[in-house]
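**Student:** Just dropping this structure here.
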Amino acid sequence: MMLLLATMLFAAVPEAAESSTVALLAGGSPKGQIAIGVRGGYPSFGVQAQVGFTGGWTGISLFDTQLFRRNWVGMGVGKRWLEGRVGVLSGEALLGVEEQSGIFPSFGPSGLIRLKMAHPGRILVPYLELSTRVTLLGQTTVTEKLDGTSERTWVADARCVPSATLGLGWAIRPWIGIDVGFDWMYDTTATVSIPGIHLGLGVGW
Amino acid sequence: MLWILIACQAEPEWGVDYTGERLPVVDMHLHPGQWELIPPATQAFLTSRFPFPFSLNPEGLAASVLTGEGILGELDKGGIEAGMLFAVYAPRTVGIASNEYVGEQLLVDPQRLYGLASVRVDQWETDEETELANLEDAVDSYGFVGIKLAHAHQHFRMDDPHYYSIYALAGQRGLPVYLHTGTSPFPGTAQEPAYTDPAYMEEAIALYPDTIFILGHLGFDFINKQPGTLDHCIDLATRYPNVWLEPSALGSRSSDPDGTVLAGAMSAIREAGLVGRTIYGSDGPQSPGFAAGYLERTVAAMQTAGYSATEAKMVLSENFYALFGKHP
């Protein structure tokens, strides 16, 4: 929540109006514009806030969770690489931490790289997101021996979670829009992944 | 939305299509349980087999599928009319599903759920009499129709005469004994042949001709994903009329991706003339949809192996009802 507020504090007077839906789904906000998006569905729920800086850079803060069991929070930057009437391509890189609760708890620093592609239509915004999240984890094993002593070993481990989202946004007004998307998240700790779905709401000013 | 509501409330279509005939199905191998009674290493193993995102909340998934009600839901998905729930006492490997807990799950629908009781053997030297009495009490109280043993998970040798009293009791009470045969992927399993190879059961099988021994998993080697001691199972069943066969788990997507292992096993059973002593089981519920999926794979394997509809019907339900004296 602090990260979200911090992002909002960087807001300046907007330079040019752009649909907040495009900013959130295609990535990248014009200088001074703020966009906040909320996504809810199964298994993911997330909140993202972003603000446009100078030089085409966008500051981003993100909270993302799967079933509120695996939670990710972090911040970073994004930049549009290609921008035209047909499509927008942008990249985002964020650093944060991932925490997993439940019977197999874990915690570690994490990095997220995300590629966003969208057609910046005035009303409909089809989009595709491809991302990879890598979290550094440690595994501690305690071996209790028959002689009463114990031995503790620690090995570094990493969890890699690639994901993809394909969806369609609807810019109801330049300052508000909604989207629906299908999510697929591959978890290297599971054998199979079941696709998910979400509904999103984005606002901007 | 209306369609979803109708679909959820619709009566399942019972049975399975086999070469144009609708055949009734009973699944003789199902595991109810309580997540908290499974050892941590086995919890981790099971979690790794759950699809994402269920793997993030394995205890929630387990609670929804491992109860009697959850298992009935899984049976409904496959049109399976009845199932057999196993009690298990293997605190160092797969955990505990007590006779009392399983007995209570049977009460959810006594017309569709049957049960195999089990027996604790970890203090056998001192508790043999007590444990046998507990076993009999459970059978009398909950109506269990047989006994489930897993030497590999319970850590006692198949040829250890100290445990033959279980087989003797089973024969006296007319309770078939289901045996896990073959290796097992669960942490802590005794993988040596004396615990996994049914050839080590021969002395007991010969000594207790009134006791029915069901060789579960057909001796499959779940570590190396090989047929393992299938030949020994077929050999024992050929030579001893009190030996039955059950082909669960070896044909799962992870153990047998292309279906050739299960088809080969079903073919070997048919060639040996043992179709009349083979009972279908899945080893579910494992994860949502597993029981229904395993049925599909078994039907495909029987078709590949050339089973007639009459033979498939025997395996899928008739042999079960004949052996356990239950009729729909």
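Every number in this text was worked out from the coordinates using simple rules, so none of it is lab data. Computed from a prediction, not measured in an experiment: that's the story for all the values here. Here Cβ is always computed from backbone atoms with ideal geometry, including for glycine, and neighbour counts include all displayed protein chains.
**Student:** Helix-derived [θ] at 222 nm for chain B: sum -39500 (n - 2.57) over DSSP H runs of at least 4, divide by residue count, nearest 500? Could you put the intermediate results ahead of the total?
**Tutor:** On the way: 15 runs with 135 residues, N = 328.
Dividing the helical sum by the residues of chain B leaves -11500 deg cm²/dmol.
**Student:** Right, here's the next one. Net charge around B:TYR18, counting only other residues with Cβ within less than 12 Å of its Cβ (Lys, Arg = +1; Asp, Glu = -1)?
**Tutor:** -2
**Student:** So, one more: Taking each residue in A:187-200, count the Cβ atoms of any other chain within 10 Å of its Cβ, then average. What number comes out?
**Tutor:** Neighbouring Cβ atoms belonging to other protein chains average 4 per residue here.
**Student:** A follow-up question, please. For q values of 0.10, 0.13, 0.16, 0.21 Å⁻¹, compute log₁₀ I(q)/I(0) with the Debye formula on a Cα-only model of the range A:95-192, without solvent.
**Tutor:** Treating every Cα as an identical point scatterer, log10 I(q)/I(0) equals -0.46, -0.66, -0.84, -1.07.
**Student:** Right, here's the next one. Counting each pair of different Cα atoms once, what's the Kirkwood radius of the range B:158-307 in Å, rounded to one decimal?
**Tutor:** The answer is 15.6 Å.
**Student:** Report, largest value first, the span of the C-alpha coordinates of the range B:17-60 along each principal axis, in whole Å.
**Tutor:** The Cα atoms of the range B:17-60 stretch 45, 22, 16 Å along their principal axes.
**Student:** Something else now. Counting only other chains, and only Cβ atoms inside 10 Å, what mean value do you get across the residues of B:46-52?
**Tutor:** Partner Cβ neighbours, averaged per residue: 5.
**Student:** Next up: Of the peptides A:60-69, B:106-115, A:81-90, how do they stack up when ordered by the mean number of other Cβ atoms within 10 Å, highest first?
**Tutor:** In descending order of packing, they fall as A:60-69, B:106-115, A:81-90.
**Student:** Please work out the Cα convex hull volume for the protein assembly as shown and give it in Å³ per residue.
**Tutor:** Values: hull volume 92.8 nm³, N = 533.
Hull volume over Cα atoms, normalised by residue count, gives 174 Å³.
**Student:** Something else: Report, please, the projected area of the range B:203-259 averaged over directions, based on the convex hull of its C-alpha atoms, in nm².
**Tutor:** That works out to 4.0 nm².
**Student:** Here's a follow-up. If you take the alpha carbon radius of gyration of the range B:80-220 and divide it by 2.2 N^0.38 Å, what ratio comes out, to two decimals?
**Tutor:** Computed over Cα atoms of the range B:80-220, the ratio equals 0.99.
**Student:** Checking a compactness column here: for chain A, what do you get for Rg(Cα) / (2.2 N^0.38 Å), N being the number of residues?
**Tutor:** Details: Rg = 19.1 Å, N = 205, 2.2 N^0.38 = 16.6 Å.
That works out to 1.15 for chain A.
**Student:** A further question on this structure: Excluding same-chain residues fewer than 8 positions from A:LYS79, which lysines have a Cα within less than 16 Å of its Cα?
**Tutor:** A:LYS31, A:LYS116
**Student:** What average count of beta carbons from other chains do you get within 10 Å of the Cβ of residues in B:57-70?
**Tutor:** Across B:57-70, the average partner-chain Cβ count within 10 Å equals 1.
**Student:** Beyond 18 Å, what percent of the Cα pairs of the range B:160-211 remain?
**Tutor:** 36 percent
**Student:** Starting from the coordinates of the alpha-carbon atoms of the range B:15-323, obtain the Kirkwood hydrodynamic radius over all distinct pairs and give the value in Å to one decimal.
**Tutor:** Numbers: mean 1/r = 0.0524 Å⁻¹.
Computed over the range B:15-323, the radius equals 19.1 Å.
**Student:** Could you please tell me the mean projected area of the C-alpha convex hull for the range A:136-189, averaged over all directions and given in square nanometres to one decimal?
**Tutor:** On the way: hull surface 26.6 nm².
Projected over every direction and averaged, the Cα hull of the range A:136-189 covers 6.6 nm².
**Student:** For the range B:150-163, in order, what is each residue's ³J(HN,Hα) by Karplus, 6.51 cos²θ - 1.76 cosθ + 1.60 with θ = phi - 60°, in whole Hz (x at glycine and Pro)?
**Tutor:** After applying 6.51 cos²θ - 1.76 cosθ + 1.60, I find 9, 4, 5, 7, 9, 6, 9, 5, 5, 9, 8, x, 4, 9 Hz.
**Student:** Can you pull the semi-axes for the range A:70-119, root of five times each eigenvalue of the Cα gyration tensor, sorted largest first, whole Å? Could you put the intermediate results ahead of the total?
**Tutor:** Details: eigenvalues 196, 23, 6 Å².
Gyration-tensor ellipsoid for the range A:70-119: 31, 11, 6 Å.
**Student:** Under the rule of -39500 (n - 2.57) per DSSP H run of 4 or more residues, summed and divided by the residues of chain A, what mean residue ellipticity at 222 nm is obtained, to the nearest 500 deg cm²/dmol? Walk me through the intermediate numbers first.
**Tutor:** Details: 2 runs with 15 residues, N = 205.
Helix contribution divided over all residues of chain A: -2000 deg cm²/dmol.
**Student:** Moving on to the next point. What whole-number distance in Å separates the alpha-carbon centres of the range B:40-85 and the range B:185-252?
**Tutor:** Going from one Cα centre to the other spans 25 Å.
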